[in-house]
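The values are calculated or read from the model by the stated rules, or taken from the named source; none is laboratory data. Here the structure is a predicted model, which means the values were calculated and not measured. A quick note on method: Cβ atoms are made from the backbone with ideal geometry, for glycine too, and the neighbour counts reach across all protein chains shown. Surface accessibility is based on the protein's heavy atoms, side chains included, excluding ligands, DNA and RNA. Shrake-Rupley method; radii C 1.70, N 1.55, O 1.52, S 1.80 Å.
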Amino acid sequence: LGKLDKITVASENANFKAVDNVLFSKDGTTLYLFADYNSTVKAYSIPEGVTTIAAWAFDNCSALATVSLPSTLATINNYAFENCTALTSITVANATPATLGESVFNGIGSDATLYVPAGSKAAYEADENWSVIPNIVELVNKYQITYIVDGEVYATEEIVEGSRITPIDAPEKELYEFVEWTGLPTTMPAENIEVVASYKQVAVSITINKYGSATYASPYALDFSEVSGLTAYAATGYKTSTGIITMTKLNTAKKGVGLFLNGTPNTTYVVPVLDE
């Protein structure tokens, strides 16, 4: 079974609970399994109250770049973060190092940094299991990034001042392609910031009426060449003596052109947008 399947099965047992594809003990003190195996999830904060991370809980989560560990954490078992190859930022809230099992951080990023509370760097450096992490830095300040999508708060994240920012993944939007988080710096400044998701429209949807036709004018240039079952026409002539309008079939249409469309009745078609 894959990790998500295991979580689905285990969550049916009264001794476990699943929260956002993460499996916990019923009382929330043990994190057993993180389901985003080979996904694009890049950051995760383990909730306060968790005291134990089970063996292999995060192993092979190859996209995970940032993880925050709670102040309540006391034990991380064998291979918990093994082969998390993108993991470069680990933040701990407890000044006392948690007890680590075997090869907990085996295979993480070669330039990984452990961020520890002020005054606790020496304790982590003296712990042979924690000191395998290449860089240990005492926390100075953490500030919040608020991610805005369509005018609403999508997510928030706390980042250590001066540390490298690994942006979260923006939500997918039908007919749109994500461009960037506008206003997102490379490293975290000494202030809270808001960043806004920028998208570009890559397609439009056109619905044909019950008679098999529609009229349409687009604010974007359109490409009908690969849209099966839909034919676009534009008026290219008019003869006053007969009242006949000449219609020409188009494979592409410039923005603003009035179109007459034929297709399957009561069907919605997705038509790609042209850059030019």
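Quick notes on this one:
- Residue that is surrounded by the most Cβ atoms within 10 Å (Cβ to Cβ) [pool: residues in region 128-159 that are closer than 30 Å to Val204 by Cα and in contact (Cβ under 8 Å) with a residue 12 or more places away in the chain]: Tyr147
- Count of region 160-210 residues which are open to solvent by less than 70 Å² (accessible area, probe 1.4 Å), part of a loop (DSSP other than H, G, I, E, B) and either without any contact (Cβ under 8 Å) to a residue 12 or more places away in the chain or not charged (D, E, K, R) (or both): 18
- Pick from region 265-276, criterion modelled with pLDDT of 95 or more and open to solvent by 70 Å² or more (accessible area, probe 1.4 Å), ranking: nearest to Tyr199 (Cα to Cα): Val270
- Here the condition is being within 30 Å of Asp150 (Cα to Cα) and open to solvent by 60 Å² or more (accessible area, probe 1.4 Å); of Thr215, Thr240, Thr246, it holds for Thr215 alone.
- Asp59 being under 26 Å from the mean Cα position of the chain (by Cα), within 26 Å of Ser131 (Cβ to Cβ) and among the acidic types (Asp, Glu): yes
- Single residue of region 76-127 satisfying the filter (part of a loop (DSSP other than H, G, I, E, B) and of a type in the set (Val, Ile, Thr)) that is least open to solvent (accessible area, probe 1.4 Å): Val104
- Qualifying residue in region 64-75 (condition: over 28 Å from the mean Cα position of the chain (by Cα), open to solvent by less than 20 Å² (accessible area, probe 1.4 Å) and either over 18 Å from Tyr44 (Cα atoms) or of a type in the set (Gly, Ala, Ser) (or both)): no
- Filtered residue count, region 130-145, keeping only those that are part of a loop (DSSP other than H, G, I, E, B) and either modelled with pLDDT of 95 or more or touching a helix residue (DSSP H, G or I) at 6+ places or on another chain (Cβ under 8 Å) (or both): 1
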